[in-house]
Amino acid sequence: MSKLCLIYRGMPEVRHSIKFVSLRTGLSPHVIRVWEKRYGTVTPGRSDGNRRLYRAADIDRFRLLKQATDAGHGIGGIARLPTEKLRRLVSEHLFGNAKVGVPASTPDADSVSAAARGAVVAMDGEALEVVLEKGSVALGQMRLISQVIVPLVERIGDDWRAGTLKVAHEHIATAAIRSFLGLSSRQMMLHPSAPWLVVGTPAGQVHEIGAVLAAAVARSFGWHVAYAGPSLPAEEIVSAALARQAVAVALSIVHPSDDPELPAELKRLRRLLPAGIHLVVGGRASAAYAKSLAACGASLVEDLEQWIVTLDRLRDRPV
């Protein structure tokens, strides 16, 4: 969701189950337990029922350990390495043959951003995906989203409005980012009781990168996501929400900021949605429709941090 300036350290911490960690890392629950007990890889928290609970940093560490062992390193020799040393080890393996502008040494957010920007300008979606994949290893997914993808999306929008990038640049970048985040290819297997969220853009809103990011972040924080895509009539959004028994509908409004049809479309959406389904709206142009959003009881989300807080609130108070 946009105006996406984010203080990464301000994100609320969410704890995840061992099943969630397994799905995110590719490690079986058995291996995770053995690595903890035998090698002291991480120290999870515990729920009231004594079940393991993991932080995002724990998931990141397990992912790095799997990548290092896949590259041939024995778990016994690397299990207690500090995470940053482990990250450098994996980066050296992955970036040794870099071909898309990411330096062979462990990159920081600035170097990954520069490489991503170069891929966008070159209209090279495949290269952009490679940059993002490698950046995810070096930075972790949430840092990659907040420090690389969000600023990249904002700059693409600014350059498109200034005429220095074409619509084709945006479409290629959107497709690459969506593919990288896994919105088109797979649905993360979460616990059946996890809440459902429908994400898209309302009719007339064809720019979908903000919606793609909102969906990816929600999925990372344990939500089932039905990604409905861009420019959907109110009736289609409601149909998806009802089919999934969604807790909320999240819409991104990026451009234009003066669509005369959009207020009526939002009003119709709110009228058709059951009262118990929350409506959340963000995006660069969303503030321009603040009166219409307030009139239909929608929550306005101004940045990524607020989106995460909203997800947490909706999970605790779904109605």
Please find, in a Gaussian network model of the chain (springs between Cα atoms separated by less than 10 Å), the residue of Ala250, Ala68, Ala168 whose mean-square fluctuation is greatest.
Ala168
How far, in nm, would the chain grow between Lys37 and Ala122 when pulled straight, counting 0.36 nm per residue and subtracting the alpha carbon separation?
25.8 nm
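Please give the calculated 222 nm ellipticity per residue for the chain, where each DSSP H segment of at least 4 residues contributes -39500 (n - 2.57) and the sum is spread over every residue; nearest 500 deg cm²/dmol?
Working: 15 runs with 163 residues, N = 319.
Calculated at 222 nm, the ellipticity per residue is -15500 deg cm²/dmol.
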log10 I(q)/I(0), Debye, Cα-only segment 196-316, no solvent, q = 0.19 Å⁻¹?
-0.94
With only Lys, Arg, Asp and Glu charged, each at its Cβ (+1 for the first two, -1 for the last two), find how big the charge dipole of the chain is about the Cα centre; round to the nearest 20 debye.
1340 debye
Can you tell which of Glu305, Glu36, Glu154 shows the greatest fluctuation in a Gaussian network model of the chain with Cα springs below 10 Å?
Glu36
Give me the extension gain from Ser231 to Ser257: residue separation times 0.36 nm, minus the current Cα-Cα distance, reported in nm with one decimal.
7.9 nm
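I'm a student and want to see the number: the projected area of the Cα convex hull of the chain, averaged over all directions, in nm². Write out the running numbers ahead of the final one.
Numbers: hull surface 65.2 nm².
Mean orientational projected area (the chain, Cα hull): 16.3 nm².
Taking a cut-off of 16 Å, what percent of all Cα-Cα pairs in segment 9-84 are separated by more than that?
On the way: 1341 of 2850 pairs.
Result: 47 percent of Cα pairs exceed 16 Å.
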If every Lys and Arg gets +1 and every Asp and Glu gets -1 at its Cβ, then about the Cα centre segment 196-316 yields a dipole, in debye to the nearest 20, of 320 debye
Anyone know which of Ser111, Ser239, Ser220 comes out most mobile in the 10 Å Cα GNM of the chain?
Ser239
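Just so you know, all these numbers are worked out from the coordinates, no wet-lab data involved. Keep in mind it's a predicted model, so treat the numbers as computed, not measured. Neighbour counts are summed over all protein chains in view; Cβ atoms, including those assigned to glycine, are modelled from backbone coordinates with ideal geometry.
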